[in-house]
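Below is one structure; the comments refer to it alone.
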Amino acid sequence: MTSERALPYLLLAPSLLFLALLFLWPLGEAFLVAFSDPGGGWSLANFREMADDLNFADALTNTLLLVVVVVPLQLALALGLGVLLGCIDRGRDTFLYIWTIPLGISDLAAGIVWLAMLSERGYLNSLLEALGLVDGPVLWLSYETPVALFVAVVVAEVWRATAIVLVILVAGMQLVPKEYYEAAEVFGASAFQRFRRITLPLLKPSIQTALILRTILAFEVFAVVVVLGGRDLPVLAGEAFAWQYDYQNAGVASAYAVLILTVSLAATWLYLRLLRVREESLA
Amino acid sequence: MARILVRDIKKTFGKFVALKSVSMEVADGEFTVLLGPSGCGKTTLLRIIAGLETADRGEVWIGERRIDRLPPRARNIAMVFQNYAVFPHMTVFDNIAFGLRMQKRGSEEEIRRTVEWAAELVHIESQLEKYTGQLSGGQRQRVAVARALAVRPQVLLMDEPLSNLDALLRLEMRAELKTILRECATTTIYVTHDQVEAMSLADRIAIMHGGEIEQYDTPLEIYRNPATLFCGGFIGSPPMNFLEAERVAPGRYRVGGLELEGPRDAGPKLLLGIRPEDLEPVADGGAALAGSVLVVEPLGSHLLATLRLDGRLLRFAGDADLPLHPGETLRLRPRADRLRWFDPESERAVRS
């Protein structure tokens, strides 16, 4: 009896151990480093140094802005694409596969793809020149054009990571019985009303999952930004990297890591609160 | 409330012909049941009337309005689905109010009154604040019916609404549905494969088979005078018996050891259709159908026996007190006024 009851825990133990060793341990370490001072005591010195840095305010603003712009954009796009997919009978899987191709590419490679398009001698400039819209190469990704740079990062991120939202939402949409839509249609709901009254509320758990996942990843945005803008567009993860490897200052880098973790947790908590699904409404 | 007219409806799914050419008319306030085995096209016909499916050709009229090109929401219909399709993310109240709100039927106050009226009709007025996930199957079905009645549709469509309920609940809901629907007097089309349900609910039954309506009549008329072999075999439990008959003289046919009066202008070979309860035991001596008793089923109200007669089975329903035992020989004669004749080629009834 006892051994049978213990078995599931025994089987779960390796994965727990794995997580503890490779995730919780380094996390604890990062906290320790972030909150210690060179003398060996506890202090907020690393956080003070982080906050006093010239790039800090920019990095925080840029990261938050990126999250605020990219995540809703991706959610809206994925919802739209998901609804469109639901409207076609044949070739639905093909469309889904094509749209998810960017998922298979690393974010570094995705950055390079967009760099090839947007750099001084990139495809975009060639095209604009060929059409006679510009006289010579235009700098899109420079320190002097922060808006264009920001837009480029947004576009690249949307292109790269909308598919994961789409996959989660499409999976959720497929769980909604067809009869709900038919009933809604018979009882007078227009296409928009069906979306608003049936799709959205029943998709809430999927939307929640997608938002949490995408927001956490958006707070960690790094490779695409580095490739397209270097440190011309400072972001939190980029600063952590710079402090760790350029300035060889693990303390401040860890402080950044702790900050990213904190805002991610806060966002997750917010989503869980705002998109709470009533227990009794799950049929 | 209005009549429904279906004219020459055809529907194919790929190579499968679901409906060949179906026409029917349901009178204002009438309760029609579409009855047939699975795959006969009954649900397809219902969904075409609802607008959830588009016919390849043909017309559908409700009242004086041709509706087959209109979207479902413009048809002034309501529907009860087989698996209820009540919305899990809404309370019972919001479910029942759904159609009213979508169609902007009056103020919230008026809607509240209508919802309460419909809820009382199906006896769920005490559950209005609950979510449908907290309800039993029977209660959800009640919500689905209330949601449909609340919009006071011209036409009510029901797709096997009782088939997901357990047997006892189904009987209870059946009786209750009949009361409720009579009260509302809404023109109703009801799909089922359960012939007892059809018999007990319908004003008229349309028996569907292979994408066609084989007979469209009152339950009793179909029971007494089935238009085809299929109708006789599908309605009634146990179904009608069919026995081979051979012509011995014009208007005279031999069935087993019996000579019976049959139709005058029919072929040399016919099938005699006779209901199990229209067979009567005869005392030894007279001409009769003699079969050996295989199984006896005492049902209390009456008795069912299965006999073997010339290598085929014959079902007999008789008085519960008949002393019958397996292995015995039973001699039966059909009631002369209940003989029904069928052409084995066309499978259609031959009127005598």
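The values are calculated or read from the model by the stated rules, or taken from the named source; none is laboratory data. Since the model is a prediction, treat every value here as computed from it, not as a measurement. So basically every Cβ, Gly included, is an ideal-geometry build from the backbone, and we count neighbours across all protein chains shown. To get the accessible areas, we keep the full protein, side chains included, count just its heavy atoms, and leave off ligands, DNA and RNA. Shrake-Rupley method; radii C 1.70, N 1.55, O 1.52, S 1.80 Å.
Yes/no per residue for (1) within 13 Å of another protein chain (Cβ to nearest Cβ); (2) at pLDDT 95 or above; (3) in contact with a helix residue (DSSP H, G or I) (Cβ under 7 Å, 6 or more places away or on another chain):
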| site | (1), (2), (3) |
| --- | --- |
| B:Gln82 | yes, no, no |
| B:His89 | yes, no, yes |
| B:Val92 | yes, yes, yes |
| B:Ile96 | yes, yes, yes |
| B:Gln103 | yes, no, no |
| B:Glu110 | no, yes, no |
| B:Thr114 | no, yes, yes |
| B:Leu121 | no, no, yes |
| B:Ile124 | no, no, yes |
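Does B:Asn76 count as open to solvent by less than 20 Å² (accessible area, probe 1.4 Å) and within 10 Å of another protein chain (Cβ to nearest Cβ)? Here the answer is no, as B:Asn76 does not meet what is asked. Screening B:Leu294, B:Leu260 for residues that are outside any loop (DSSP other than H, G, I, E, B) and touching a Phe, Trp or Tyr at 6+ places or on another chain (Cβ under 6 Å) leaves exactly one candidate, B:Leu260.
Checked against the criterion of being within 30 Å of A:Leu203 (Cβ to Cβ) and not in a helix (DSSP H, G or I), the candidates A:Asp93, A:Asp89 yield just one match: A:Asp89. If you check B:Gly273, B:Gly300 for being within 31 Å of the chain's Cα centre (by Cα), within 25 Å of B:Val196 (Cβ to Cβ) and assigned to a strand (DSSP E or B), only one passes: B:Gly273. Taking region B:161-191 as the range and being open to solvent by less than 20 Å² (accessible area, probe 1.4 Å) and not in a strand (DSSP E or B) as the test, the residues that pass are B:Pro161, B:Leu162, B:Leu165, B:Met173, B:Leu177, B:Ile180, B:Leu181, B:Thr186. Scanning for something within 14 Å of another protein chain (Cβ to nearest Cβ) and crowded, with 18+ Cβ neighbours inside 10 Å, does region A:217-226 turn up at least one residue? No, that holds for no residue. In the set (1) at pLDDT 95 or above; (2) assigned to a helix (DSSP H, G or I); (3) charged (D, E, K, R), B:Arg73 fails one condition alone, (1). Among the residues of region B:121-143, is there at least one that is assigned to a helix (DSSP H, G or I), open to solvent by less than 10 Å² (accessible area, probe 1.4 Å), among the basic types (Lys, Arg) and under 22 Å from B:Met102 (Cα atoms)? No, region B:121-143 contains no residue that is assigned to a helix (DSSP H, G or I), open to solvent by less than 10 Å² (accessible area, probe 1.4 Å), among the basic types (Lys, Arg) and under 22 Å from B:Met102 (Cα atoms). Looking at region A:193-202, is at least one residue open to solvent by 30 Å² or more (accessible area, probe 1.4 Å), closer than 30 Å to B:Ala150 by Cα and more than 10 Å from every other protein chain (Cβ to nearest Cβ)? Yes; the residues of region A:193-202 include at least one that is open to solvent by 30 Å² or more (accessible area, probe 1.4 Å), closer than 30 Å to B:Ala150 by Cα and more than 10 Å from every other protein chain (Cβ to nearest Cβ). Within region B:8-67, the set of residues being in a loop (DSSP other than H, G, I, E, B) and within 14 Å of another protein chain (Cβ to nearest Cβ) comprises B:Gly14, B:Gly51, B:Leu52, B:Glu53, B:Thr54, B:Ile67.
Residue pairs whose Cβ atoms lie under 6 Å apart, sitting 6 or more positions apart in sequence or on different chains, and linking a residue in region B:311-331 that is open to solvent by less than 90 Å² (accessible area, probe 1.4 Å) to a partner that is among the charged types (D, E, K, R), are B:Ala317/B:Glu277.
Of the residues making up region B:329-339, those that are within 25 Å of B:Ser292 (Cβ to Cβ) and not polar (S, T, N, Q) are B:Leu330, B:Arg331, B:Leu332, B:Arg333, B:Pro334, B:Arg335, B:Ala336, B:Arg338, B:Leu339.
Return the only residue of B:Thr179, B:Thr188 being over 30 Å from B:Ser346 (Cα atoms) and without any contact (Cβ under 8 Å) to a residue 40 or more places away in the chain.
B:Thr179
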